Structures are given as C-alpha cells and as structure tokens.
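FYI, it's all coordinate maths here, none of it is from the lab. Just so it is clear, the structure is predicted and the values come from calculations on it, not from any experiment. Every residue, glycine among them, receives a Cβ derived from its backbone with ideal geometry; neighbour counts consider all protein chains shown.
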Amino acid sequence: MTRRVFRKIQNNFRKLSHTISRGFASCRLRRQGFTVIELLIFSAIFSIIAISFFGVLVSVIQIQTRQTAVVEVNQQSQFLLETIQRSVERSSLVELPPDAATTTLKLRMASSTVDPTYIYLNGNSVYYKETDGGAVQPLTSDKVNVSNLVFTKRANPPGHDSVSVAFTIAYNTSNIKRAFLQNLQISVARVSAATFDSNVIPSANSTYNLGVTSQAWQSVNNLIYFSGSNVGIGVSSPGQTLEVNGGVRLNTTTVKPACDSAQRGTFWVVESGSGVKDSVQVCVKNASDTYMWSVIY
C-alpha cells in the first residue's frame, strides 16, 4: 500500500516536472521570438523617426540659412537708404545735372567741414566721403553686392529739388539656396533752401560760374534782377542792357585813369573847387585813332 502510494506520488511528480519543463521551454521560445520581433519593430520605428527628424533638421537649417541672408540684406539696404535720405535732406544743393542718371551723388552742405559730400558706387560696394580730401567710409560690407546704383536729380520749381535713387542689393553667396536680392527705389527731397555759414568760395580760380544760361538766377538780394541778357538795378523786368531805377552816381574819389582802349567809354566826374562847376568827361577815340577825355558837361 505504501509502495503503491509512493509510486503514484512519484509518477505525479514526474508528470508535473515534465509539464513544468515543457512550460519553461515554451516560455523561453516565446520570449526569444518576441525579443527579435520587438527589436525589428524598434529598429524600424527608430529609423523612421531618425529619417523624419533628419529631414526636419535639414529643412530648419535651410530656412535659417536663407533667413540669415534675408536679414543681412534688409539691414544693409535699410542703413544705406537712411544714409542717403539723411544726407539729401540736410543738403543745400544737389550738384547734379537734372534728369541725368549717374553713379555718384554730390551734395553741397551748409557746413564747410562736410562740404561737399559724396555717395558713390565702386565695384560692388557703396562708399561715403565728406569733403574732397576726406576719408572714404564704406556704407555696405562684403556680405552683400550692390549693383545698378543710379542717382537722378529731379528739379521741381518752385519746390525743392529731389533725388531718385535705385539700386539692387544681393546677398554675396554662390549657394543658390542662400541667394536673396532686393530691387529698391526711393525719392528723397531736400527739406530746406540752400543756406551757408561762410563765404561761397569756388575751389578753383576763374573756373566756375554763378548759374548757367539754361538755369539763370532771378535776382540777387531782390535788388539786382536778370531778364535774358538785361540787368536791372531796382527794376524787376529790365528792358535794356542796363536799367537803373533811381540816380546813378560815379565815384570820383580815386585817381583819374588814363584814357586808353581799356578805359574806352568810361565816364568820369571832375569835382571842381568853390565857385567852379564840375565837369563830366568820357573816354573816347577821335578820328585820328587817339584816345582822349572829352568833356560832355
């Protein structure tokens, strides 16, 4: 009886052991199979995420790179425009022929320390210079290229002259993905009439004129007027070569000059002493081609 029970227990234990062994073996197989699958799935998911992240990163870098070019061009173009606008508004004269495009802007300023002022294109950069012998200052850096810079003076009488400005500014790069440019055009007018704080002195002797035939001055101090080739003193519309409103006085305080070809046509008043009338003489040439003072009064 005891032996029979023992055998039964032994058989049951063997069955249980065998069942447990099979279970563990099955679990090990399933655990090993799921690990490989999970690794494959994880690898696939990681690859997809990595590729997506790399694509996003590349796009962000490209956008940031182009944005750098945009910011650089915008900043330098804004600084250039502000400098041109400020200089033109403060100028007393735009020394350019009207309606003629040029790459150099010359401005006459009220202060001799900055007169004249130049803004001009040289190569791919724009430069600024005060006075003829002043130091040259760049207005743009080598990060951008400026081209097609033109200044055009516009005369708007009786208003102030203005300057039309046009140029192209581009980011300096050979990478097409970073390429960015702007075409800009503005018009700036002077804000005040010409004023000077010192004498108006030409830079060279016997070289420059005050006004030109096509753009003549109307008057000097509202006293001396011009109409074609006629000059009026106190006459706003002179009809003769010289027309004077009021008397004409000949100053005779200096020594009477000799009558010659250089003095021909000169009037001279000879002041006499008490009880003797004055005389008026004119330097003329007689029939013998001799120059002499002739008394006309």
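Here segment 205-272 is described by how far its Cα atoms reach on the three principal axes: 45, 33, 20 Å, from widest to narrowest. For segment 73-189, the number of Lys pairs with C-alpha atoms closer than 27 Å, counting only pairs eight or more positions apart or on separate chains, is 6. Segment 142-158 and segment 105-121 have their alpha-carbon centroids 15 Å apart. Coupling constants for segment 106-111 follow from the phi torsions by the Karplus curve (6.51 cos²θ - 1.76 cosθ + 1.60, θ = phi - 60°), and in residue order they are 10, 10, 9, 10, 5, 8 Hz; glycine and proline get x.
The simple Förster model, with R0 at 51 Å and r as the Cβ-Cβ distance, assigns Gln137 and Thr213 a FRET efficiency of 0.85.
Kirkwood Rh over Cα pairs of segment 73-189 into Stokes-Einstein at 37 °C, 0.692 mPa s: D in µm²/s? Before the final figure, lay out each step's value.
Working: Rh = 14.7 Å.
Rounded to a whole number, D works out at 223 µm²/s.
When only the Cβ of Lys, Arg, Asp and Glu is charged (+1, +1, -1, -1), the dipole of segment 158-297 relative to its Cα centre reaches about 480 debye. In this structure the amide hydrogen of Val235, modeled in the peptide plane, comes within under 5 Å of the amide hydrogens of Tyr225, Asn245, none closer than 5 places in sequence on its chain. A straight chain from Thr102 to Ile37 at 0.36 nm per residue would run longer than the Cα-Cα distance by 15.9 nm. Over segment 150-297, all Cα pairs binned in 5 Å intervals from 0 give whole-percent P(r) values of 2, 6, 8, 9, 10, 12, 11, 8, 6, 6, 5, 4, 3, 3, 2, 2, 2, 1, 0, 0, 0, listed from short to long.
Out of all Cα-Cα pairs in segment 249-297, roughly what percent, to the nearest whole number, are more than 16 Å apart? Of all Cα-Cα pairs in segment 249-297, 41 percent lie more than 16 Å apart. The alpha-carbon atoms of segment 126-193 define a convex hull whose volume equals 111 cubic angstrom per residue. Positive-end ranking of Ser147, Tyr225, Ala170 along the dipole of segment 138-260, with charges on Cβ about the Cα centre, is headed by Ala170.
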